[in-house]
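What follows is a single structure, written as structure tokens, with notes after it.
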């Protein structure tokens, strides 16, 4: 199934959760925010949030600085 992740089309397996996608992208240990189809998904929902064909996902991670 196809999704758009941070502006790029990507193939994922059916039934993939947002948490699995984040882990697969190597972002699991980072402080981040995730948005699916313009809706922010809280971190507590990542493990149970199943992605669908055609979803648009934006994942951004916080960078410290001053």
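The values are calculated or read from the model by the stated rules, or taken from the named source; none is laboratory data. The structure presented is a predicted model; accordingly, all values stated were derived computationally and were not measured. Counting neighbours? That spans all protein chains shown, and the Cβs are built from the backbone with ideal geometry, glycine included.
Tabulated results
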| quantity | calculated |
| --- | --- |
| Residue that is modelled with the lowest pLDDT [pool: residues in the range 31-53 that are in contact with a strand residue (DSSP E or B) (Cβ under 7 Å, 6 or more places away or on another chain) and farther than 14 Å from residue 18 by Cβ] | 31 |
| Residue in the range 19-29 that is more than 12 Å from residue 57 (Cβ to Cβ), in contact with a strand residue (DSSP E or B) (Cβ under 7 Å, 6 or more places away or on another chain), at pLDDT below 95 and surrounded by 11 or more Cβ atoms within 10 Å (Cβ to Cβ) present | no |
